[in-house]
Amino acid sequence: MLEHKRLNGRTQVTFVLPEDTPDGPVSVVGDFNHWNPCAHPLQARGDGTRTVTVALPANSGHSFRYLAAGGYWFNDDTADGQQGSNSRIHT
């Protein structure tokens with residue numbers, strides 16, 4: 001799930017996944033972090049989810065995917081769209 005919050009010409013996007021699906025560490029990787037899996041790892045919250053928030057320029061589009069343990073790549077079904085093998089978000 002994606003949460004958007006507009007703030008001072010930027011959009012804070014929070015990427016949200018269940019705490020245990022999939023098992024192990026998960027990062028969000030995309031063109032906004034040069035596809036670096038170490039840049040935005042999701043962290044557990046007390047409500048049974050794990051999240052990471054990324055500040056992106058308002059009125060822009062970005063490709064992203066999730067990378068889980070064992071090299072498992074997957075998309076976000078709640079994304080604004082898909083482009084090839086990537087999810088898309090529009091801020």
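Brief remarks on what is shown
- Being out of contact with any Asp or Glu (no Cβ under 7 Å at 6 or more places or on another chain) and at pLDDT 95 or above is a property that S27 has.
- Meeting the requirement of 1 or more residues that are among the β-branched types (V, I, T) and farther than 13 Å from T91 by Cβ, the strands (runs of 3 or more DSSP E) wholly within the stretch 1-80 are 10-18, 26-30, 49-57.
- Residues located in the stretch 23-48, provided they are open to solvent by less than 30 Å² (accessible area, probe 1.4 Å) and more than 10 Å from the chain's Cα centre (by Cα): N33
- Answer residue from the stretch 6-22, given it is modelled with pLDDT of 90 or more and of a type in the set (A, V, I, L, M, F, W, C) and is surrounded by the most Cβ atoms within 10 Å (Cβ to Cβ) among those: F15
- Of all residues in the stretch 81-91 being assigned to a loop (DSSP other than H, G, I, E, B) and hydroxyl-bearing (S, T, Y), the one that is nearest to H4 (Cα to Cα): T91
- Residue pairs meeting the criteria (Cβ under 9 Å; at least 6 apart or on separate chains; first within 22 Å of D23 (Cα to Cα) and open to solvent by 30 Å² or more (accessible area, probe 1.4 Å), in the stretch 53-79; second in a loop (DSSP other than H, G, I, E, B) and acidic (D, E)): R65/D76; A69/D23
- Scope the stretch 15-44; condition over 19 Å from G70 (Cα atoms), free of Cβ contacts under 8 Å to residues at least 24 places away in the same chain and either charged (D, E, K, R) or in contact with a His (Cβ under 8 Å, 6 or more places away or on another chain) (or both); matching residues: N33
The values are calculated or read from the model by the stated rules, or taken from the named source; none is laboratory data. Nothing here was measured: the structure is a model prediction, and the numbers come from that model. Virtual Cβ from ideal backbone geometry, glycine too; neighbours counted across all protein chains shown. These area figures cover heavy atoms from the full protein model, side chains too; ligands, DNA and RNA do not enter into them. Shrake-Rupley method; radii C 1.70, N 1.55, O 1.52, S 1.80 Å.
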